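The structure appears below as structure tokens.
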Amino acid sequence: MSGRILGVDPGEKRIGLAISDPTGTIANPLQVINHVARLVDAAQIARIAAEQGAVLIVVGQPLDDEGGIGPAARRSGRMAEAIQTQTEIPVILWDESFSTQEAVAARREMGVRRSKRGGHQDELAATVMLQSYCDAHSQHQTR
């Protein structure tokens with residue numbers, strides 16, 4: 001599939017968004033939206049996806065250590081379903097179990113001071129999650 005992909009990292013308070021390049025290979029941070037209510041958030045995400053020309057929406061779903069679905073993963077599933085009711089763009093779930101930890105580590109490696117590292121990891125976590133999807137998808141295309 002070629003085209004822009006919108007990555008969604010749903011949190012309890014904020015939702016991180018990332019967008020891929022037109023080839024669907026490189027993810028970039030897009031924005032963070034504050035959680036209001038599932039249907040309101042879903043409508044806003046669907047609108048942003050349309051504005052960005054996305055051909056796919058990938059919602060991060062944090063699976064537990066055994067690959068099972070816990071409360072956060074169920075919340076992501078409900079968010080994906082809500083988004084799908086608001087758009088014709090396909091919506092899929094993608095395991096993002098370690099995206100927030102990877103985002104924190106990436107900021108540390110970039111030399112971001114501890115005092116500046118706190119706060120919103122959401123946008124970067126969405127980017128890490130979307131990049132993992134893009135990487136897995138592009139590997140399948142080149143085989």
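Within region 34-50, being in contact with an Asp or Glu (Cβ under 7 Å, 6 or more places away or on another chain) and surrounded by 17 or more Cβ atoms within 10 Å (Cβ to Cβ) holds for no residue. When the criteria are applied in full, residue 49 meets the requirement of being part of a helix (DSSP H, G or I), within 18 Å of residue 133 (Cα to Cα), at pLDDT 95 or above and within 14 Å of the chain's Cα centre (by Cα).
With 80, 54, 27, 37 as the choices, which residue is over 17 Å from residue 126 (Cα atoms) and of a type in the set (Gly, Ala, Ser)? Lay out the reasoning, then the answer.
On the way: 80 fails: over 17 Å from residue 126 (Cα atoms); 54 fails: over 17 Å from residue 126 (Cα atoms); 27 fails: over 17 Å from residue 126 (Cα atoms).
Only one candidate passes the filter, namely 37.
Of all the numbered requirements in (1) surrounded by 17 or more Cβ atoms within 10 Å (Cβ to Cβ); (2) touching a residue at least 60 places away in the same chain (Cβ under 8 Å), residue 57 misses one, and that requirement is (2). Taken over region 1-44, the residue count meeting the criterion of being without any contact (Cβ under 8 Å) to a residue 24 or more places away in the chain, of a type in the set (A, V, I, L, M, F, W, C) and either within 17 Å of residue 129 (Cα to Cα) or in contact with a strand residue (DSSP E or B) (Cβ under 6 Å, 6 or more places away or on another chain) (or both) is 1. Filter region 52-63 down to the residues that are at pLDDT 95 or above and polar (S, T, N, Q) and list them by number. Across region 52-63, the qualifying residue is only 52.
Take the residues in region 60-78 that are among the hydrophobic types (A, V, I, L, M, F, W, C) and closer than 15 Å to residue 9 by Cβ, then tell me which one is surrounded by the most Cβ atoms within 10 Å (Cβ to Cβ).
Taking region 60-78 as the starting set, the residues that turn out to be among the hydrophobic types (A, V, I, L, M, F, W, C) are 63, 69, 72-73.
Pick out the ones that are also closer than 15 Å to residue 9 by Cβ and you get 63, 72-73.
Working: 63: 16, 72: 18, 73: 20.
Per the stated criteria, the residue is 73.
For a quick check of your reading: which helices (runs of 4 or more DSSP H) sit entirely within region 64-143 and have at least 2 residues that are within 25 Å of residue 25 (Cβ to Cβ) and modelled with pLDDT under 90?
Working: elements: 71-86, 99-109, 114-117, 122-142.
Counting at least 2 such residues, we get 99-109, 122-142.
The values are calculated or read from the model by the stated rules, or taken from the named source; none is laboratory data. Please read all numbers here as calculations on a predicted model, not as lab measurements. Neighbour counts are summed over all protein chains in view; Cβ atoms, including those assigned to glycine, are modelled from backbone coordinates with ideal geometry.
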